[in-house]
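The values are calculated or read from the model by the stated rules, or taken from the named source; none is laboratory data. Here the structure is a predicted model, which is why all the values come from computation and not from measurement. When we count neighbours, we look across all protein chains shown, and the Cβ atoms used for this are built from the backbone with ideal geometry, even at glycine. Just the protein is used for accessible areas: all its heavy atoms, side chains included, with ligands, DNA and RNA removed. Shrake-Rupley method; radii C 1.70, N 1.55, O 1.52, S 1.80 Å.
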2 protein chains.
Amino acid sequence: MSDHPSRTLATFVAQLRFDAIPHEVVERTVNLYVDWLGSALAGKGARPVESVARFARAAGTCAGEHAGTAEVLIDRTRTTPYFAAMINAAASHFVEQDDVHNGSVFHPAAVVFPVALALAQASNASGREFIAAVVAGYETGIRIGEFLGRSHYKIFHTTGTAGTVAAAATAGRLLGLTPEQMLDAFGSAGTQASGLWEFLRDAADSKQLHTAMAAANGVMAATLAADGFKGATHILEGAQGMAAGMSTDADPARLTDRLGERWATIETSFKYHAACRHTHPAADALLAVIDEHGLEPDDIVQVTAHVHQGALDVLGPVHSPVTVHQAKFNMGTVLGLVAYRGQAGVNDFERDFSAGDIVAFRDKVRMALDDEVDRAYPARWIGKVSVLMRDGRTLRGRVDEPKGDPGNTLSRGEIDAKFRQLAAFSGAATDAEAAQLLAAAWNVATAPHVGMLFGGAPQVAVSIPAAA
Amino acid sequence: MSDHPSRTLATFVAQLRFDAIPHEVVERTVNLYVDWLGSALAGKGARPVESVARFARAAGTCAGEHAGTAEVLIDRTRTTPYFAAMINAAASHFVEQDDVHNGSVFHPAAVVFPVALALAQASNASGREFIAAVVAGYETGIRIGEFLGRSHYKIFHTTGTAGTVAAAATAGRLLGLTPEQMLDAFGSAGTQASGLWEFLRDAADSKQLHTAMAAANGVMAATLAADGFKGATHILEGAQGMAAGMSTDADPARLTDRLGERWATIETSFKYHAACRHTHPAADALLAVIDEHGLEPDDIVQVTAHVHQGALDVLGPVHSPVTVHQAKFNMGTVLGLVAYRGQAGVNDFERDFSAGDIVAFRDKVRMALDDEVDRAYPARWIGKVSVLMRDGRTLRGRVDEPKGDPGNTLSRGEIDAKFRQLAAFSGAATDAEAAQLLAAAWNVATAPHVGMLFGGAPQVAVSIPAAA
């Protein structure tokens, strides 16, 4: 174990070369990229996402000929990498379809890809450089999430906190930081790390702010580091660092766990259902028991989802969801959708989260802490449900790896279809455009330049509100 | 005590009217403004401050005709309120001459005034609106600092954390937020609150980042709230809010302590010495004992500074300072300067922090936790030193209120002189310009418009680096 893990990790990511990344990790990273791109496009039109975009346009005062070097995916304008990363990250997490790493309970794509794309576009980077920067961010953020532990995730949204340093790692890699500068970038990012779960109780919009600012602060931290701005050198493990302030069970050994041998990137899960990942194990377990016994959902009297403590912490505050977004954090709604609609996709939520049958089913669902599930978590997300039927039977459903987990991952065909569905959902791309985007995205690793995803002349916003 | 203190506090500041603020509070706020303005100008040329300014120029891409509506004080350019607040806040804290509120251990000016000035300029606000917004920020941030308590300050830089919400209160007041919107602004600001002390150990630049981003995030939170972006409604006291994540001794009653009756703003202390406030009580106590006994510093063998725990937490990591800024967090350096130079001003540090006599004296100084001092802290910052002389005598010095504290405050003449010294120190204003700035600043409360402080046409940066 390193006696200075912040430095060991920073050095690893600063020196990470594309050729050192195994082929299967590159291939999976491309899958994660396509999967992310769909999520980012799906955020178009969402109120909080558009609000962040309006803020960024006003704060940046970009206009006319100063068209910017990076692309905003939801409206095809261009701006600086700072604001492009901010807006695209706000968009990435909104429909709850972006990826998640189980062991760290961290959503890497939402904070890593917006930074990688913005700085790759601005610096005209190759696909190889892009992939290396993405892997740098995943490996960093996942290890920091694991390091901060379960006590951290009880209060803090790890994607906001660990995500800020992950974003800095990705940005620093594309800016060509030295190991020393990367350590500075970690310091400046870590001291800006933030994001509290309190917003969930109110159906507030903070989740979009967390990803937006993790990405933007990561760009800032790395850019400052390139300019000589010094950061704390022990920001992760130090006596007044991130773990000291925001964790009671931190394990520094996790920060440097088998660097260059274990590729945490490929441990990342894809989301099949468009809901908080904590609902997925139970959703898949319910689908399994319904399928096995050919159950009619109207005959179900009660469902108990046997969950880990983290699910109770995050989903517990949401009782009667009033928005689509909040419904994605309500176990009953998700189980109702899978019972009646066979899935809980973006369109199912949009159309039916408050439909009569779903609300009625919601009230039949309760969560209970399960010792086996909780002990396995967060390394494994076991799904277990007990279903009480009208005829008095109690049936049990179980999945050991929810759909999308590494051992049950999505195929390229499934990812392709999910992308098309998400692009169509928000109207961010026509079917023809989606096909073009997919063709380019599947080949990103060999592209000489990542470049702009939407061709043609930039359409830049020209209105400049005074007060932002 | 309120059962929803976040809302009570947000409502108070949203509804705060200039006419409700007592005359003496307005007068003291003007003193705090003049005092802050000197600190902001003094940051010109400082490496980390200029680094933040370069980042902001690149990230904002302002240029040419889109000259911006708010002023950057260190270079007289204009930009958006977001970036003006960011840069001016980075500048405000650098020379360690900005104000501090004892009970909350919070530096209000550095995060409140940059926001107030930027948005007052952008919205063409009057001096009365400006003062009300400033008082809103002080009253908010001070109460949140007191609420978060001593456990928070052990790890977190309260000026970064509580300061983010204070900045949002000030911004929200100038944007005319309703109480409901102000609560949203608190939610978005509080979930972005960050700032760790870890940087002190390394003489890193994070303190400037903390104030810069507290101010900028405050502007962002309030601007988003005006646009309908929802925040957590219990961000301060909630089960997954700021105190839950970052304090073990939080006292919610402090959040709403005598709102409208107790004006915490006038409890704020001015800094006389250009060093961390934790050094001031001992510095003044040492000056007192030297003065009383006519001591020669060369005859001093050892000095023990009897301090509160907070001083050990913040100053403890700094042993052999390698930069001027780090020296301001070293008790020995500060005591050496006051012993040999009679004061520890900006020029004394710049010239002499590593001079032979100061370094030799530094090594004669130790800190010891003192029960009386610690029990009085943070409400009172008592200074006590024991001085062992070459002739074997041990002499004791004591001050109950260090110079600049409310009961021993600076006169307008002293603030005026401090301002001129700070402006000259950095070269941010000529003597003639300083006189003009002072004349306007002392009359700010009756000004029909706050306006631009430096007249003439804006000088806008036109270079647009690619990668930021």
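Quick look at the numbers
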{"item": "Estimated 222 nm signal from helices in chain A, with DSSP H stretches of n ≥ 4 weighted -39500 (n - 2.57), rounded to 500", "result": "-16000 deg cm²/dmol"}
{"item": "Protein heavy-atom accessible area occluded, A/B pair - total, 1.4 Å probe, Å²", "result": "5800"}
{"item": "Karplus-derived HN-Hα couplings along the stretch B:411-416 (A = 6.51, B = -1.76, C = 1.60, θ = phi - 60°), whole Hz, x at Gly and Pro", "result": "6, 4, x, 5, 5, 4"}
{"item": "Carbon plus sulfur fraction of accessible area for the protein assembly as shown, probe 1.4 Å, in percent", "result": "50"}
{"item": "Which listed pairs, of B:LYS230/B:LYS328; A:LYS207/A:LYS364; A:LYS230/A:LYS328; A:LYS154/B:LYS271, have C-alpha distances above 31 Å, in listed order", "result": "B:LYS230/B:LYS328; A:LYS230/A:LYS328; A:LYS154/B:LYS271"}
{"item": "Cα-based helix-to-principal-axis angle, A:127-155 vs chain A, degrees rounded to 10", "result": "50"}
{"item": "Cleavage-rule hits (trypsin sites (Lys or Arg not before Pro)) in the stretch B:6-65: DSSP loop, at most 15 neighbouring Cβ within 10 angstrom", "result": "B:ARG17"}
{"item": "Label 7 Å beyond Cα on the Cβ vector: A:ASP400 copy-to-copy distances, nm", "result": "7.4"}
{"item": "Whole-angstrom gap from the stretch B:115-166 to the stretch A:243-292, using each part's C-alpha centre", "result": "38"}
{"item": "Residue list for the stretch A:262-276, given a label point 7 angstrom along the Cα-to-Cβ vector of A:GLN15 and an amide N cut-off under 17 Å", "result": "A:262"}
{"item": "For B:GLN192, residues with placed amide H under 5 Å, excluding near neighbours", "result": "none"}
{"item": "Charge tally in the Cβ shell below 13 Å around B:ARG375, where Lys, Arg are +1 and Asp, Glu are -1, B:ARG375 excluded", "result": "-1"}
{"item": "Mean Cα-pair separation over length for chain B, i.e. relative contact order, pairs under 8 Å, 6 or more apart, %", "result": "23"}
{"item": "Mean-position separation - Cα centroids, the stretch A:380-407 and the stretch B:85-113, in angstrom", "result": "55"}
{"item": "Fraction of beta bridges assigned by DSSP in chain A that are antiparallel (%, nearest 5)", "result": "80"}
{"item": "For B:79-91, mean number of other protein chain Cβ atoms within 10 Å", "result": "2"}
{"item": "Exercise: per-residue mean of other protein chain Cβ atoms within 10 Å, B:237-250", "result": "5"}
{"item": "Qualifying aspartates and glutamates (Cα of each under 17 Å from Cα of A:LYS403; at least 8 residues distant if same chain)", "result": "A:ASP35, A:GLU96, A:ASP98, A:ASP99, A:GLU267, A:ASP284, A:ASP291, A:GLU292, A:GLU414, A:ASP416"}
{"item": "Fraction of beta bridges assigned by DSSP in the protein assembly as shown that are antiparallel (%, nearest 5)", "result": "80"}
{"item": "Efficiency of FRET between A:ASP431 and B:HIS23 - r from beta-carbon atoms, R0 45 angstrom, step 0.05", "result": "0.10"}
{"item": "Loop-exposed GluC sites (Glu not before Pro) per DSSP, neighbour cap 15 Cβ within 10 angstrom, longest uninterrupted part of chain A", "result": "A:262-468"}
{"item": "Pseudo-label separations to other copies for A:PRO22 - Cα-to-Cβ vector, 7 Å, nm", "result": "7.1"}
{"item": "Heavy-atom surface of chain B, accessible at 1.4 Å and reported per residue (Å²)", "result": "30"}
{"item": "Karplus (6.51, -1.76, 1.60) ³J(HN,Hα), θ = phi - 60°, over the stretch A:242-250, in Hz, Gly and Pro reported as x", "result": "4, 5, 4, x, 9, 7, 10, 9, 5"}
{"item": "Beta carbon of chain B nearest to the axis of the rotation taking B to A, residue and angstrom distance", "result": "B:SER194, 2"}
{"item": "Other-copy label distances relative to A:GLY176, 7 angstrom Cα-Cβ extension, nm", "result": "5.0"}
